[in-house]
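Trainee: For reference, the structure I am asking about is given below.
Each reported figure results from applying straightforward, stated rules to the coordinates on display, with no laboratory input. Please read all numbers here as calculations on a predicted model, not as lab measurements. As a convention, Cβ positions derive from the backbone with ideal geometry for all residues, glycine included, and neighbour counts pool all protein chains shown.
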Amino acid sequence: MAEPNQPHDVVTWKMEAPGIMHVTMARPPANALGVPLLEGMHAAIDAAVAAGSVKVVIVSSALDGFFAAGADIKHLSSVDAGSFTAYGDQMRAVNDRLASASFLSIAAVDGLALGGGLELAMACTMRVCGPRGKYGLPEVKIGLIPGAGGTQRLPRLVGRGRALDIMLTARQVPAAEALAIGLVDRLTEGDVVKEALALAEELVGASLPAQLAVVRTVDAAFDLPIEEGFGYEVAQEQSLFEDGEAAEGITAFVEKRPPNFA
């Protein structure tokens, strides 16, 4: 069977429920993050933004045993330095757009998430793991480092020592260990997409502006001195009270009814 080579062939998306978009990657044999898949991810993010009503995006794979196996090594073997830079920029752009999006995101992983595949998963707000999930950043084996956010996001999730262990040994972290060290947020023995959908349904019931503010303030805890972090937290809280959905949430609580968040 010919390999799909157009973005709409390798990345598809649909609304699973109000506020929940499901993005599926399918580039056999292993979802290597080649240009078509990256372009497809950009198109999916564009669609989520354009919809205006998306609160949570789930990213999963249609390929059995793989979330994404990392960079397209065959592509890298044929490029010059300038093309290598452009390819890396495209990978980083997808991850940065997910990490800073106007919606939350969940990576649903039940297979290998290696190299750029793990970097993509770490760029999502949360990660749900199936029993076959395995995670690694093996770039040192080909003389490189994780260059699409891996060296920065992994230590923030698991700490310096564990991050160095994973990257320097290039080993694969199994599902149970990934949960124990904080690399993934939920582990299921069942269908990983169903578990991600259940989590998404929990998330869409709350105020999205407040949730995004939580993410921003938690991330700031890693970047700011604690006193500056406290100040940033106060600013986010005040902004939500003045311009967010706090008025509706407070009123609904007093009136003993569900809030009508946008």
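Trainee: Using only Cα atoms, what is the ratio of the radius of gyration of the stretch 114-155 to 2.2 N^0.38 Å?
Mentor: Numbers: Rg = 10.5 Å, N = 42, 2.2 N^0.38 = 9.1 Å.
Normalised Rg, Cα atoms only: 1.16.
Trainee: Counting helices only, and only those DSSP H runs with n ≥ 4, report the 222 nm mean residue ellipticity of the chain as the sum of -39,500 (n - 2.57) divided by its residues, in deg cm²/dmol to the nearest 500.
Mentor: Details: 12 runs with 133 residues, N = 262.
Mean residue ellipticity, 222 nm, calculated: -15500 deg cm²/dmol.
Trainee: So what are the ³J(HN,Hα) numbers for the stretch 173-190, from phi and the Karplus equation (6.51, -1.76, 1.60; θ = phi - 60°), rounded to whole Hz, Gly and Pro as x?
Mentor: With the stated coefficients, the stretch 173-190 comes to 8, x, 4, 4, 5, 4, 5, 5, 9, x, 6, 10, 9, 9, 10, 10, 8, x Hz.
Trainee: Still on this structure, I have one more. Which order do the peptides 212-223, 115-126, 57-68 take when ranked by the mean count of other beta-carbon atoms within 10 Å per residue, highest first?
Mentor: The packing order, highest mean first, is 115-126, 57-68, 212-223.
Trainee: Which whole-percent values make up P(r) of the chain when all C-alpha to C-alpha distances are grouped in 10 Å steps starting at zero?
Mentor: 7, 29, 35, 21, 7, 1, 0
Trainee: Okay, moving on. Reachable lysines from Lys55, Cα under 21 Å, same-chain residues fewer than 8 places away excluded?
Mentor: Lys14, Lys194
Trainee: Nearest 5 percent is fine: what portion of the DSSP beta bridges confined to the stretch 7-203 is antiparallel? Please report the intermediate quantities before stating the final value.
Mentor: Numbers: 8 of 32 bridges.
Antiparallel bridges make up about 25 percent of those DSSP assigns within the stretch 7-203.
Trainee: How do the peptides 225-231, 36-42, 245-251 rank, highest first, by the average count of neighbouring beta carbon atoms within 10 Å per residue? Let's see the in-between values first.
Mentor: Details: 225-231: 11.1, 36-42: 21.7, 245-251: 15.0.
Highest mean packing first, the order is 36-42, 245-251, 225-231.
Trainee: Please turn the phi angles of the stretch 153-160 into ³J(HN,Hα) values with the Karplus equation 6.51 cos²θ - 1.76 cosθ + 1.60 (θ = phi - 60°), one per residue in order, whole Hz, x for glycine and proline.
Mentor: 3J(HN,Hα) across the stretch 153-160, in whole Hz: 7, 4, x, 5, 8, 10, x, 5.
Trainee: If you don't mind, another one. State the antiparallel share, in %, of DSSP beta bridges confined to the stretch 83-193, rounding to the nearest 5.
Mentor: On the way: 2 of 11 bridges.
If I count the DSSP bridges inside the stretch 83-193, around 20 percent turn out antiparallel.
Trainee: For Cα pairs less than 8 Å apart in space and 6+ apart in sequence, what is the mean separation divided by the residue count of the stretch 67-182, i.e. the relative contact order in percent?
Mentor: Values: 180 pairs, mean separation 29.6, N = 116.
Relative contact order of the stretch 67-182: 25 percent.
Trainee: Additional query: Which of Gly143, Gly52, Gly19 ends up with the largest GNM mean-square fluctuation for the chain, with Cα atoms connected below 10 Å?
Mentor: Gly143
Trainee: Tally Lys/Arg at +1 and Asp/Glu at -1 over every other residue whose Cβ is under 14 Å from the Cβ of Ala148; what's the total? Provide the component values of the computation, followed by the final result.
Mentor: Details: positive: Arg92, Arg97, Arg153; negative: Asp72, Asp89, Asp96, Glu119, Glu139.
It works out to a net charge of -2.
Trainee: Percent relative contact order of the stretch 7-203, based on C-alpha pairs within less than 8 angstrom and at least six residues apart?
Mentor: Working: 398 pairs, mean separation 37.2, N = 197.
So the answer I get is 19 percent.
Trainee: Please state the shape class of the stretch 208-254: rounded when a/c is under 1.5, otherwise prolate if a/b exceeds b/c and oblate if not, all from the C-alpha gyration tensor.
Mentor: Numbers: a/c = 3.23, a/b = 2.30, b/c = 1.41.
Prolate, because a/c is 1.5 or more and a/b exceeds b/c.
Trainee: What is the sum of charges, Lys and Arg at +1 and Asp and Glu at -1, for the other residues whose Cβ falls under 11 Å from the Cβ of Tyr135?
Mentor: Working: positive: Arg127, Lys134, Arg171; negative: Glu119, Glu177.
Taking every Cβ under 11 Å from that of Tyr135, the sum is +1.
Trainee: Go through the stretch 30-37 residue by residue and turn each phi into a ³J(HN,Hα) via Karplus (6.51, -1.76, 1.60, θ = phi - 60°); whole Hz please, and just put x for glycine and proline.
Mentor: Using θ = phi - 60°, the values come out as 9, 6, 4, 7, x, 4, x, 5 Hz.
Trainee: Now for a different question. For Phe66, list long-range residues whose amide hydrogen, built 1.01 Å from N in the peptide plane, is under 5 Å from its own amide hydrogen.
Mentor: The list, which skips near neighbours in sequence, is Leu112.
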